[in-house]
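Trainee: Take a look at the following structure, please.
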Amino acid sequence: MILGDDEMKKMSGHEIKKMWLQFFENKGHKVEESASLVPVNDPTLLWINAGVAPLKGYFDGSKVPSNPRLVNVQKCIRTNDIDNVGKTARHHTFFEMLGNFSIGDYFRDEAIEWGYEILTSPDYYGFDPDKLYMTVYPTDEESYQKWLAVGVKEDHIIKSYENYWEIGTGPCGPCTEIFYDRGDAYGKADLNLIKDDIENDRYIEIWNIVFSQYNAKKGLDRESYPELPNKNIDTGMGLERMAAVIQGCETNFETDLFYPVIEKIVALSGVPYDGSMSFKVIADHIRTVVFALSDGATFSNEGRGYVLRRLLRRAVKHGKNLGINKPFLGDLTKTVVSMMKETYPYLLKTIDFTQTIIEKEEAKFLETLTQGEKILNTLLDQTNTMLDGKDAFMLYDTYGFPVELTEEYASAKGIRVDKEGFKAHMNEQKERARSARQQVAGMRDQNPAYLSFKAQDTFVGYERTDVDTTIIKVFEDGVVAQETPFYAESGGQVSDQGVIIKDEKVYEVLDVQKLPNGQFLHYLDAHDLKTGDAVTMRVDVAEREAIKAHHSVTHLLFATLREMFGEHVMQQGSLVGAQYLRFDFNHLELPDEKTLLELEQKVNDKIQEAIDVTTTYTTLDEAKEKGAIAEFGEKYDDEVRMVDMDHTLDLCGGTHVDNTKEIERFAIAQVESKGSGIYRITGLAKDKVYDIEAYLAGYQSSINHLLSKKDQLLKTAENLGLNVKIELPEKPRIKGSYQDVVNTRDYLKTIQSRVKALEKHVSQQKTEASLMDVDAYLAMQDSAGNIVFKTNDLDQQALKTLIDRLMEKTNKGVIFAANETKGKLVFVVKSKSDVHAGNLVKKAAQIAGGGGGGRPDFAQAGGKDVSKIDDVLDYVKGALS
């Protein structure tokens, strides 16, 4: 371990974060809690991968924060270069990003002044200014001059064209990066390493400050980009790098953010830490897995779940490198939680679930790895000199068998591995993954008209559903009123429906959305409303009542899920409308029917308790102290609204019933897997529970198909002179509960079973009937023993049985059958002569517009044109004569 300057203030990782937040809070910033690693309503991201990611709405102007100055410490995951973890000093899959942000408030001067202050002031991080180097974009003269003004020496400011932040269209701008010089112990002095952005261990980039001042447009050069209506500041400081510098560590892995895990690995393996890759990979990957699982992700074969599975398997492989041949990652879970609980106390609530799921996944993989070893040994036994790259990739992809381990096994038997072939298959997989992954989109363009509109309206919809008011603003899309009873879509709840009335004219409200500054924009079709118009705004009361019931029961459903399954259950998305509710949650597995029925009943029990639903306003801190649960993905002002239903206390701005008895009833209509351990419940409330019949349409379609098939089978039986009966149960009546789903599914299974039995019985009878005609068919044979005939509606097995029986009788020649069934022709031929059965049936089938073939002694084919059946028979008879 190489120590830094004696003068530098030594701080723990937690202290670095705490100082960061306190410094900017003192500069008037609002402290934003770290968002979940699982993105909310952002399909462009697999994980939250930067401090600015959860704040995109503020930067593109779609939302305006209550305080334009924000500061955070954001958990992040990046997995684009997993293979580099452990090879370098600073590559990580999970890391923490320290950021300060200005949304249209302060800009370049304050950002640089405060940046220099927190880094160099003895009251804060206390860096030696001579150890700091700053980069600026070559045309960004303002930043260059500002760094000089705060005291940075001219030869410590480097111009580089790398200093520009831009991702697609939308907000962009130059940036300035700050590097720390760790001295000669880490390489020769060479500022070109900074200028040319060359990876090195001496000059460590610790901070990037982005001046988001332009709007990137396709087809324009950077110099021609228009300026944004609101200029913003977006900064990112890597905590792990800062800790390495401040704590005087050679790499990030020796800091207190990783080293306790490494010490635990040493204790488990008995191998002393020497900086080798395996220690670093395990320490990095277990942090990622623990945080991701605690934030609601889970293991799976797709998306983020696949990434987690790959990380865990890679950690297990490196555990084997250290001689650990039994499950051990569960033990490391406790170390990670203990190490990080001061900043993230919620880890303590999910530790039992997290450890359990990691232990199960690890044990399952070790079992798979053992299977992989057996398959590898089999492949090696079948190989002389080189194992095919395709096989090496199969072992890697299916069994998690590292190619390095494959090479070790192969080398012991004097066999090489086709590494180039393996790499080719790996690259194909990566390309597929890149194609499947949606790219990170640029932020949306800012709308100057929306951003500049500051007049405030008032939402009165909690108390009223109609109001006489005045139009205060007209936009191209709709209008804003002084007061409105219409709820604007937010928190998963859809907007209200209704009308705006002016004199005798009625305008339908199509949608209601919040503008960046919080006003409610009512979207209308064609209208002639003007600012100052007196209007009446009227919400559709029936729709509102249904939405209230669905929203309130969503809270009860969430509380019951956590009560039954555990506190690891987190909301992963929701939709509350008038017709139904939809609720996404994470769990180990899809709940079975018995559990779902119990869940539904428990929710209904809470409804029947007739609980008064109360709402109060309080501070965010007080709400958290009371245990209030935040809505998924929402950001809150200092004052929040709490909704209390006894069983659950939630932060929520939505509309709710006054008493749970108003919900009346709750029914689970559908449960489905959304992948990656996320499950979706679709639910119904009030009289909507009887709409559950619509969710049974898939089952009903299958039932109708089976009933139709039953009728066809009975008709066939009647034509054969058979007296066949089938008894079916009575169709279940719809009662408005998940029991309807269970009953309908059971009804379908019963019909499937009985129709299948009927089909088998009719088939057997048809076979027996056809065999009774054997003598009639034998009478058709020619002098060479050939029999050519046609049949109707025999199933495949009956037809083959008939032909086999005929051949047993003749024991010579060719048996050729043409069977007309379901509007098509089926040809079957058996030969005990010089005639090639496959060639004969192929040519015969072509006459009827079909094809097929087979062996010399047996073949079959199909034909599309049933009108050609006699032509086919004539051809066959001629070919055999």
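The values are calculated or read from the model by the stated rules, or taken from the named source; none is laboratory data. Here the structure is a predicted model, which means the values were calculated and not measured. No Cβ is skipped: glycine too gets one built from the backbone with ideal geometry, and neighbour counts run over all protein chains shown. Ligands, DNA and RNA are excluded from the accessible area calculation, which covers all protein heavy atoms including side chains. Shrake-Rupley method; radii C 1.70, N 1.55, O 1.52, S 1.80 Å.
Trainee: Across region 341-355, which residue is nearest to the chain's Cα centre (by Cα) among those that are β-branched (Val, Ile, Thr) and over 20 Å from GLU15 (Cβ atoms)? It would help to see each step written out before you state the result.
Mentor: Step one: of region 341-355, the residues β-branched (Val, Ile, Thr) are 343, 350-351, 354.
Imposing the further condition that a residue be over 20 Å from GLU15 (Cβ atoms) reduces the set to 350-351, 354.
Working: THR350: 20, ILE351: 22, THR354: 19 Å.
Applying the filter and picking the extreme gives THR354.
Trainee: Here is a further query. Go through the residues of region 847-864 one by one and say whether even a single one is farther than 22 Å from ASP782 by Cα, out of contact with any Pro (no Cβ under 8 Å at 6 or more places or on another chain), open to solvent by 70 Å² or more (accessible area, probe 1.4 Å) and part of a helix (DSSP H, G or I).
Mentor: No: zero hits.
Trainee: Look at GLY414 and say whether it is open to solvent by less than 10 Å² (accessible area, probe 1.4 Å) and over 26 Å from the mean Cα position of the chain (by Cα).
Mentor: Numbers: open to solvent by less than 10 Å² (accessible area, probe 1.4 Å): no; over 26 Å from the mean Cα position of the chain (by Cα): yes.
So GLY414 does not fit the description; no.
Trainee: Another question, if that's okay. Taking the residues in region 819-830 that are open to solvent by 10 Å² or more (accessible area, probe 1.4 Å), out of contact with any Lys or Arg (no Cβ under 8 Å at 6 or more places or on another chain) and not basic (Lys, Arg) as candidates, determine which candidate is nearest to GLY862 (Cα to Cα). Before you say what the answer is, go through the steps one by one.
Mentor: Within region 819-830, the subset open to solvent by 10 Å² or more (accessible area, probe 1.4 Å) is 820-824, 826, 830.
From what's left, out of contact with any Lys or Arg (no Cβ under 8 Å at 6 or more places or on another chain): 821-823, 826, 830.
Filter again for not basic (Lys, Arg), leaving 821, 823, 826.
Working: THR821: 11, GLY823: 11, VAL826: 5 Å.
Looking at residues that are open to solvent by 10 Å² or more (accessible area, probe 1.4 Å), out of contact with any Lys or Arg (no Cβ under 8 Å at 6 or more places or on another chain) and not basic (Lys, Arg), I get VAL826.
Trainee: What number of residues within region 147-164 are touching a Phe, Trp or Tyr at 6+ places or on another chain (Cβ under 9 Å) and open to solvent by less than 60 Å² (accessible area, probe 1.4 Å)?
Mentor: Residues flagged as touching a Phe, Trp or Tyr at 6+ places or on another chain (Cβ under 9 Å) and open to solvent by less than 60 Å² (accessible area, probe 1.4 Å) within region 147-164 amount to 10.
Trainee: Given ASP795, ASP782, which one is among the acidic types (Asp, Glu), touching a Lys or Arg at 6+ places or on another chain (Cβ under 9 Å) and loosely packed, with under 15 Cβ neighbours inside 10 Å? Can you show your working first?
Mentor: Working: ASP795 fails: loosely packed, with under 15 Cβ neighbours inside 10 Å.
One residue alone meets the criteria, ASP782.
Trainee: Same structure, new question: Check VAL499, VAL553, VAL539 and return the single one that is in contact (Cβ under 8 Å) with a residue 60 or more places away in the chain, in contact with an Asp or Glu (Cβ under 7 Å, 6 or more places away or on another chain) and not small (Gly, Ala, Ser). Can you show your working first?
Mentor: Numbers: VAL499 fails: in contact (Cβ under 8 Å) with a residue 60 or more places away in the chain; VAL553 fails: in contact with an Asp or Glu (Cβ under 7 Å, 6 or more places away or on another chain).
Sole residue among the options that is in contact (Cβ under 8 Å) with a residue 60 or more places away in the chain, in contact with an Asp or Glu (Cβ under 7 Å, 6 or more places away or on another chain) and not small (Gly, Ala, Ser): VAL539.
Trainee: Follow-up. Looking at TYR747, TYR777, which one is under 25 Å from GLN796 (Cα atoms) and surrounded by 15 or more Cβ atoms within 10 Å (Cβ to Cβ)?
Mentor: Details: TYR747 fails: under 25 Å from GLN796 (Cα atoms).
Sole residue among the options that is under 25 Å from GLN796 (Cα atoms) and surrounded by 15 or more Cβ atoms within 10 Å (Cβ to Cβ): TYR777.
Trainee: For LEU556, all conditions in the list (1) open to solvent by 20 Å² or more (accessible area, probe 1.4 Å); (2) of a type outside the set (Val, Ile, Thr); (3) touching a Lys or Arg at 6+ places or on another chain (Cβ under 7 Å) hold save one; what is the number of the exception?
Mentor: Answer for LEU556: the failing condition is (1).
Trainee: Can you go through GLY51, GLY61 and tell me which one is at pLDDT below 95, within 21 Å of PHE179 (Cα to Cα) and not β-branched (Val, Ile, Thr)? It would help to see each step written out before you state the result.
Mentor: Values: GLY61 fails: within 21 Å of PHE179 (Cα to Cα).
Criteria check complete, one pass: GLY51.
Rundown of residues vs (1) open to solvent by 30 Å² or more (accessible area, probe 1.4 Å); (2) of a type outside the set (Phe, Trp, Tyr), yes/no style:
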{"site": "ARG90", "(1), (2)": "no, yes"}
{"site": "GLY104", "(1), (2)": "yes, yes"}
{"site": "VAL136", "(1), (2)": "no, yes"}
{"site": "TYR186", "(1), (2)": "yes, no"}
{"site": "LEU191", "(1), (2)": "yes, yes"}
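Trainee: Let me ask something else. So ALA623 ticks every box in (1) under 18 Å from GLN579 (Cβ atoms); (2) open to solvent by less than 50 Å² (accessible area, probe 1.4 Å) but one. Which box is left unticked?
Mentor: Unmet for ALA623, out of (1) under 18 Å from GLN579 (Cβ atoms); (2) open to solvent by less than 50 Å² (accessible area, probe 1.4 Å): (1).
Trainee: Shifting gears a bit: Run PHE401 past the list (1) part of a helix (DSSP H, G or I); (2) of a type in the set (A, V, I, L, M, F, W, C); (3) under 32 Å from the mean Cα position of the chain (by Cα) and report the number of the one that doesn't hold.
Mentor: Exception for PHE401: condition (1).
Trainee: Looking at ASP793, ASP871, ASP857, ASP782, can you tell me which residue is touching a helix residue (DSSP H, G or I) at 6+ places or on another chain (Cβ under 8 Å) and at positive phi?
Mentor: The unique qualifying residue is ASP793.
Trainee: Give just the number: which of (1) open to solvent by 30 Å² or more (accessible area, probe 1.4 Å); (2) within 20 Å of THR298 (Cα to Cα) does LYS390 not satisfy?
Mentor: Result: LYS390 passes all but (2).
Trainee: Limited to region 282-313, what total is found for residues that are open to solvent by less than 40 Å² (accessible area, probe 1.4 Å), closer than 24 Å to GLU373 by Cβ and at pLDDT below 95?
Mentor: 5
Trainee: List pairs: first residue in region 8-36 and at positive phi and touching a residue at least 24 places away in the same chain (Cβ under 8 Å), second residue open to solvent by 50 Å² or more (accessible area, probe 1.4 Å) and in a strand (DSSP E or B) anywhere in the structure, Cβ distance under 7 angstrom, at least six positions apart or on different chains.
Mentor: Pairs that qualify, where the first residue is at positive phi and touching a residue at least 24 places away in the same chain (Cβ under 8 Å) and the partner is open to solvent by 50 Å² or more (accessible area, probe 1.4 Å) and in a strand (DSSP E or B), are GLY28/ARG69.
Trainee: Now a separate question. Search region 452-474 for residues being open to solvent by 10 Å² or more (accessible area, probe 1.4 Å) and among the small types (Gly, Ala, Ser), and hand back the single one that is farthest from VAL576 (Cα to Cα).
Mentor: The extreme case among them is SER452.
Trainee: Working carefully through the options ASP496, ASP477, ASP540, find the one that is under 36 Å from the mean Cα position of the chain (by Cα), closer than 22 Å to SER574 by Cα and either open to solvent by 10 Å² or more (accessible area, probe 1.4 Å) or of a type in the set (Asp, Glu) (or both).
Mentor: Details: ASP477 fails: closer than 22 Å to SER574 by Cα; ASP540 fails: closer than 22 Å to SER574 by Cα.
So the residue among ASP496, ASP477, ASP540 that is under 36 Å from the mean Cα position of the chain (by Cα), closer than 22 Å to SER574 by Cα and either open to solvent by 10 Å² or more (accessible area, probe 1.4 Å) or of a type in the set (Asp, Glu) (or both) is ASP496.
Trainee: Moving on. Give the residue that is surrounded by the fewest Cβ atoms within 10 Å (Cβ to Cβ), with candidates limited to residues of region 165-184 that are in contact with a Gly (Cβ under 8 Å, 6 or more places away or on another chain) and closer than 15 Å to ASP130 by Cα.
Mentor: ARG182
Trainee: Looking for whichever is touching a Leu at 6+ places or on another chain (Cβ under 8 Å) and closer than 15 Å to GLY813 by Cα here; the options are VAL872, VAL835, VAL866. Which one fits? Give the steps one after another, and end with the answer.
Mentor: Values: VAL872 fails: closer than 15 Å to GLY813 by Cα; VAL866 fails: closer than 15 Å to GLY813 by Cα.
Step by step, each of VAL872, VAL835, VAL866 is checked, and only VAL835 is touching a Leu at 6+ places or on another chain (Cβ under 8 Å) and closer than 15 Å to GLY813 by Cα.
Trainee: Can you tell me which residue within region 55-87, out of those that are in contact with a strand residue (DSSP E or B) (Cβ under 7 Å, 6 or more places away or on another chain), open to solvent by 10 Å² or more (accessible area, probe 1.4 Å) and free of Cβ contacts under 8 Å to residues at least 40 places away in the same chain, is nearest to ASN447 (Cα to Cα)?
Mentor: PRO68
Trainee: When you scan region 480-493, how many residues do you find that are assigned to a loop (DSSP other than H, G, I, E, B), touching a strand residue (DSSP E or B) at 6+ places or on another chain (Cβ under 6 Å) and open to solvent by less than 30 Å² (accessible area, probe 1.4 Å)?
Mentor: 4
Trainee: What strands (runs of 3 or more DSSP E) completely inside region 636-726 contain at least 3 residues that are touching a strand residue (DSSP E or B) at 6+ places or on another chain (Cβ under 7 Å) and within 16 Å of ASP740 (Cα to Cα)?
Mentor: Details: elements: 639-644, 649-651, 666-675, 678-685.
Qualifying strands (runs of 3 or more DSSP E): 666-675, 678-685.
Trainee: Right, something else. Could you tell me which residue of region 499-523 is least open to solvent (accessible area, probe 1.4 Å), considering only residues that are closer than 16 Å to VAL539 by Cβ and of a type in the set (D, E, K, R)?
Mentor: My answer is ASP511.
Trainee: Pairs, please: C-beta under 8 Å, at least 6 apart or cross-chain, first residue closer than 26 Å to ALA546 by Cα and modelled with pLDDT under 95 and in region 468-495, second open to solvent by less than 40 Å² (accessible area, probe 1.4 Å) and among the charged types (D, E, K, R)?
Mentor: So the pair list comes out as GLY491/GLU631; GLY492/GLU631.
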